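K.L.:
Please read through the structure below; I'll follow up with questions.
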Amino acid sequence: MTEQPDAIAILAEAKPSPGEKYYPPFKVTPELTEKAKEYIAMYPEGKEQSAVLPLIHLVQEEHGYICPQSVLWIAEMCKSTPIHVQGVVSFYPGIRTRCPGKWHIRVCHTIACALSGGEELLAYICEKIGIDPQAMTDEEPMAVSADGLWSIEAVECLAACGFGPNIMINDTLYSQMDRAKVDELVAEYSKKA
Ligand code: FES
């Protein structure tokens, strides 16, 4: 049998973020367990591991990201292993291993949006929310503002290619963006803080 990496080694990968103050810490509550069981019950007995991805989404929705403790919990719930869950987490770019800001901005940098001004818009949004664009790297594509209110990342196609440049703030899509619209949105979301 292949040896599994030590779960503690995964726990050691936790990355702090100023955004943590806007999300509840990961906690296994009766409600969370109940919801997880509902997802797991959608799959045949013996296939509990199929619920790993739905449980990842469940935790990310509540907690903002997938912390090492939640990896262990998901593995246990789905009769899987921490390394398998960690593998799923690291495979999908939309799954975060670091807490985002309260308002998480995704800026599409795929060709249609890039050609309609997306690249320039990314730099402008960074300036508006006080984030150094250099902070977005291959290793850490998401950058978080020092106050934790904002985070930003360049993402692939948001499926609205004819209406670029497109961005998303949390789960809301905004199309045909320009500097004036960015100014409006940043002011509007800052008020909601
Ligand atoms: S290229 Fe930006 S939404 Fe498709």
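K.L.:
List pairs: first in the range 74-85 and on the phi > 0 side of the Ramachandran plot, second assigned to a helix (DSSP H, G or I) and not acidic (Asp, Glu), Cβ under 7 Å, 6+ apart or cross-chain?
P.N.:
Note: pairs meeting the criteria are Lys79/Gln49.
K.L.:
Next up: Does any residue in the range 38-66 that is free of Cβ contacts under 8 Å to residues at least 12 places away in the same chain come within less than 6 Å, Cβ to Cβ, of a residue that is among the polar types (S, T, N, Q) six or more places away or on a different chain, and which pairs are these?
P.N.:
From residues that are free of Cβ contacts under 8 Å to residues at least 12 places away in the same chain, the pairs are Tyr43/Ser50.
K.L.:
Would you confirm whether any residue within the range 184-193 is within 12 Å of Arg106 (Cα to Cα) and crowded, with 18+ Cβ neighbours inside 10 Å? Quick ask: steps written out before the conclusion?
P.N.:
Quick first cut of the range 184-193, residues within 12 Å of Arg106 (Cα to Cα) only: none.
No, every residue in the range 184-193 fails to be within 12 Å of Arg106 (Cα to Cα) and crowded, with 18+ Cβ neighbours inside 10 Å.
K.L.:
Given the condition outside the structural domain of Tyr65 (by TED's automatic domain parsing), in contact with a Leu (Cβ under 7 Å, 6 or more places away or on another chain) and in a loop (DSSP other than H, G, I, E, B), answer yes or no: does some residue in the range 108-127 qualify?
P.N.:
yes
K.L.:
If you go through the range 152-193, how many residues are away from the ligand (no atom under 11 Å from the Cβ) and among the aliphatic types (A, V, I, L, M)?
P.N.:
Total satisfying the criteria: 8.
K.L.:
Please work out if Gly94 is part of a loop (DSSP other than H, G, I, E, B) and either farther than 22 Å from His57 by Cα or not β-branched (Val, Ile, Thr) (or both).
P.N.:
Values: part of a loop (DSSP other than H, G, I, E, B): yes; either farther than 22 Å from His57 by Cα or not β-branched (Val, Ile, Thr) (or both): yes.
Considered against the rule, which asks whether it is part of a loop (DSSP other than H, G, I, E, B) and either farther than 22 Å from His57 by Cα or not β-branched (Val, Ile, Thr) (or both), Gly94 comes out as yes.
The values are calculated or read from the model by the stated rules, or taken from the named source; none is laboratory data. From a predicted model like this one, the values you see are computed outputs, not experimental measurements. Because the Cβ atoms are built from the backbone with ideal geometry, glycine has one as well, and the counts that use them run over all protein chains shown.
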